[in-house]
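The values are calculated or read from the model by the stated rules, or taken from the named source; none is laboratory data. Keep in mind the model is a prediction, meaning the values are calculated, not measured. Neighbour counts run over all protein chains shown; Cβ positions are idealised from the backbone, glycine included.
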């Protein structure tokens with residue numbers, strides 16, 4: 001199936017010069033005189049190498065067929081992650097590197113939207129927001145009401161992030177797993 | 001008052017909570033101060049021209065924001081936000097007000113927010129009468145050195161480090177013609193192949209459709225093979241554009257196939273666009289009419305030509321040169337950040353998400 005640049009978005013899989021790539025970055029460019037272009041970063045599905053390429057607006061490419069299935073995360077085995085289709089009990093194995101940074105946020109037995117090309121895991125569609133409990137945080141200094149202060153906190157999944165100074169151990173907070181940025185406190 | 005929680009919090013809120021730094025915006029403030037001081041010290045008049053106008057720029061590939069002014073009697077005047085203050089500033093040149101500069105907002109519709117674009121952005125334009133565009137190049141060199149000095153570097157304005165790469169601002173900046181750039185970085189002979197660029201691009205492996213124009217092929221080669229290499233040691237002035245790519249510029253005195261136009265690239269980023277200004281009213285009118293025709297073909301908003309601008313040229317305007325320079329991108333460079341969003345307190349995607 002042909003897809004045009006107007007359908008491009010981050011995370012999309014395309015065939016580019018006979019090889020599969022994922023669009024990891026996408027930006028509009030207008031050189032002023034001349035129609036619009038799209039500046040992309042493409043990650044090779046074969047080598048993991050990232051290349052820069054600028055497409056003409058309206059250009060089309062062949063898509064790389066990927067389906068999304070809700071798979072249950074079972075466990076990690078070295079550099080591999082094992083998932084299971086809860087309907088058919090089929091197991092799928094994917095490399096940790098394919099899941100990227102989100103690997104640290106996976107919780108056993110939870111289901112995640114997993115992207116498959118045939119039987120092959122090619123990626124995960126990570127949620128924009130996850131909630132996690134704060135396991136460790138430096139204590140709040142009494143009387144310090146100044147704003148703009150931050151501290152480092154450790155979440156219950158072992159991930160370390162920067163959060164506002166009022167966050168304490170035991171709080172539940174929302175985090176963007178992609179950027180690892182604090183979003184907000186969910187409960188106190 | 002409750003509000004919906006969104007995924008991305010506002011920049012002000014992130015600064016308040018210590019999750020974002022205000023420093024890049026403070027660098028921007030210093031860049032603007034240093035810029036204003038630079039031109040005032042050199043005897044330029046600072047002018048303010050309308051942002052809401054009846055006749056905006058005619059560039060075929062820029063789209064405008066349209067609105068209207070209604071008076072108390074209900075009369076309605078359609079108007080537009082300017083894509084640049086160029087026409088008004090040239091009228092002031094014709095009035096004998098020069099040299100002059102302006103720092104103002106400009107607006108471009110039908111564009112996305114990106115690391116280098118915001119629909120509302122800040123533009124610096126300056127014009128010199130009885131000058132050519134080589135003098136504008138020297139202004140650029142001195143302006144960037146003045147900003148670097150004002151920001152207080154150890155190198156006294158001679159170098160600036162952007163994203164780990166040190167750019168030499170102190171020695172004479174590279175001057176590279178468009179023709180040389182295509183030969184050096186893309187192995188393309190523009191002199192011979194300008195109008196065959198679609199075939200050249202196809203031979204290079206770019207996907208070319210029957211409706212693609214030589215200008216699209218030009219930009220695809222330029223954006224992929226040339227732009228990333230420009231301005232990496234010193235900033236680069238890319239100059240002498242094919243005449244068809246410079247609607248407001250005059251032809252070069254040495255070569256009538258190229259126009260006196262340059263773009264400034266710093267660390268691969270386009271910072272400015274300058275012209276040896278076209279001062280021939282008849283030629284200007286012909287080009288504006290052709291551009292209006294092209295706007296209609298492209299389905300862009302149609303409006304009349306600013307005949308007052310053509311009239312200003314007809315009344316006589318000295319040989320002049322001028323430039324539009326992006327303040328947001330310049331601030332991004334001096335703040336050493338990846339995106340102009342970081343030097344904007346209120347990027348448009350936060351306002352309209």
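Results, tabulated for the structure shown:
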| item | result |
| --- | --- |
| Matching residues, the stretch B:196-220, being part of a helix (DSSP H, G or I) and either facing another protein chain (nearest Cβ under 8 Å) or touching a helix residue (DSSP H, G or I) at 6+ places or on another chain (Cβ under 6 Å) (or both) | B:197, B:198, B:200, B:201, B:214, B:215, B:216, B:217, B:218, B:219, B:220 |
| Pair list, Cβ under 8 Å, 6 or more apart: the stretch B:223-234 residue more than 10 Å from every other protein chain (Cβ to nearest Cβ) and without any contact (Cβ under 8 Å) to a residue 60 or more places away in the chain, other residue outside any loop (DSSP other than H, G, I, E, B) and crowded, with 19+ Cβ neighbours inside 10 Å | B:226/B:181; B:226/B:182; B:230/B:176; B:230/B:181; B:230/B:236; B:230/B:238; B:230/B:265 |
| Qualifying position, being under 16 Å from the mean Cα position of the chain (by Cα) and modelled with pLDDT of 95 or more, among B:39, B:121, B:65, B:26 | B:121 |
| Only listed residue being within 19 Å of the chain's Cα centre (by Cα) and either part of a strand (DSSP E or B) or surrounded by fewer than 21 Cβ atoms within 10 Å (Cβ to Cβ) (or both), chosen from B:253, B:290, B:272 | B:272 |
| Unmet criterion (only one of (1) surrounded by fewer than 21 Cβ atoms within 10 Å (Cβ to Cβ); (2) out of contact with any helix residue (DSSP H, G or I) (no Cβ under 6 Å at 6 or more places or on another chain); (3) at pLDDT below 95) for residue B:193 | (2) |
| Residue check for residue A:37: touching a helix residue (DSSP H, G or I) at 6+ places or on another chain (Cβ under 9 Å) and free of Cβ contacts under 8 Å to residues at least 24 places away in the same chain | yes |
| One residue from B:31, B:53 being more than 25 Å from residue B:334 (Cα to Cα) and within 20 Å of the chain's Cα centre (by Cα) | B:53 |
| Listing of strands (runs of 3 or more DSSP E) fully contained in the stretch A:73-188 that carry 2 or more residues being in contact with a helix residue (DSSP H, G or I) (Cβ under 9 Å, 6 or more places away or on another chain) and closer than 18 Å to residue B:19 by Cβ | A:130-137 |
| Near pairs, Cβ below 9 angstrom, 6+ apart or cross-chain, from the stretch A:1-29 (on the phi < 0 side of the Ramachandran plot and in the same structural domain as residue A:40 (by TED's automatic domain parsing)) to any residue that is at pLDDT below 90 and assigned to a helix (DSSP H, G or I) | none |
| Breaking point among (1) surrounded by 15 or more Cβ atoms within 10 Å (Cβ to Cβ); (2) within 24 Å of residue B:262 (Cβ to Cβ), for residue B:184 | (1) |
| Sole residue being within 23 Å of the chain's Cα centre (by Cα), at positive phi and touching a residue at least 24 places away in the same chain (Cβ under 8 Å), chosen from A:48, A:58 | A:48 |
| Segments classed as strands (runs of 3 or more DSSP E), wholly inside the stretch B:1-116, with at least 1 members that are touching a helix residue (DSSP H, G or I) at 6+ places or on another chain (Cβ under 6 Å) and touching a residue at least 40 places away in the same chain (Cβ under 8 Å) | B:100-107 |
